[in-house]
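The values are calculated or read from the model by the stated rules, or taken from the named source; none is laboratory data. A quick note: this is a predicted structure, and the numbers were derived from the prediction, not measured. Note: ideal-geometry Cβ built from the backbone for every residue, glycine included; neighbour counts use all protein chains shown.
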Amino acid sequence: MKYQVSTSKTLEETYDALQKSISENKFGLQHTHNVHEKLKAKEVELGRRCLILDICQPHIAKEILDIDPSVSSILPCSISIYEDEGKTNICVVKPSFIFPQLNKDLKEVMQRVEKTIFKIIDEAA
């Protein structure tokens, strides 16, 4: 259901490596959510640092939306980076698990997307 990799890199080093890998794999970083800072601003202490990166490949997004525009509610794909027990972790919910549950016609395209996202994560780790 999820793909997760741990790295000895810091959160910042992992973020920089992910940005590079995202670009090299022809995806784009649309936005980074700084979860721990956002919660801190609301006076909620998370106790660890956590970033969520929204990534997209426009041609694939169009292909997905041509099959089923209702899945736009779960786009773009998100990769998280978070600290836990002295390690930095990179995690994604498997697109091949989520999307076909909403529309079985998305299985093939999501398997292709997933392969690239796993490559992005592995290169960054």
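Given the residues 6, 70, which is the only one that is part of a strand (DSSP E or B), among the small types (Gly, Ala, Ser) and over 14 Å from the mean Cα position of the chain (by Cα)?
Every option except 6 fails the conditions.
Restricting attention to the stretch 16-27, report how many residues are exposed (fewer than 13 other Cβ atoms within 10 Å of the Cβ) and not in a helix (DSSP H, G or I).
1
Restricting to the stretch 99-121, give me the number of residues that are over 13 Å from the mean Cα position of the chain (by Cα) and either touching a residue at least 60 places away in the same chain (Cβ under 8 Å) or in a helix (DSSP H, G or I) (or both).
Residues in the stretch 99-121 being over 13 Å from the mean Cα position of the chain (by Cα) and either touching a residue at least 60 places away in the same chain (Cβ under 8 Å) or in a helix (DSSP H, G or I) (or both): 13 in total.
Condition first: surrounded by fewer than 13 Cβ atoms within 10 Å (Cβ to Cβ) and part of a strand (DSSP E or B). Can you find one or more residues in the stretch 86-94 that meet it?
Yes, the stretch 86-94 contains at least one residue that is surrounded by fewer than 13 Cβ atoms within 10 Å (Cβ to Cβ) and part of a strand (DSSP E or B).
How do the pairs read when you match residues in the stretch 7-26 that are among the basic types (Lys, Arg) with residues anywhere that are in a helix (DSSP H, G or I), using Cβ under 7 Å and keeping only pairs 6 or more apart or on different chains?
If the second residue must be in a helix (DSSP H, G or I), the pairs left are 9/17.
Given 14, 32, which one is modelled with pLDDT of 95 or more, of a type in the set (S, T, N, Q) and within 14 Å of residue 124 (Cα to Cα)? Talk me through it step by step, then tell me what you get.
Numbers: 32 fails: within 14 Å of residue 124 (Cα to Cα).
After ruling out the rest, the residue left standing is 14.
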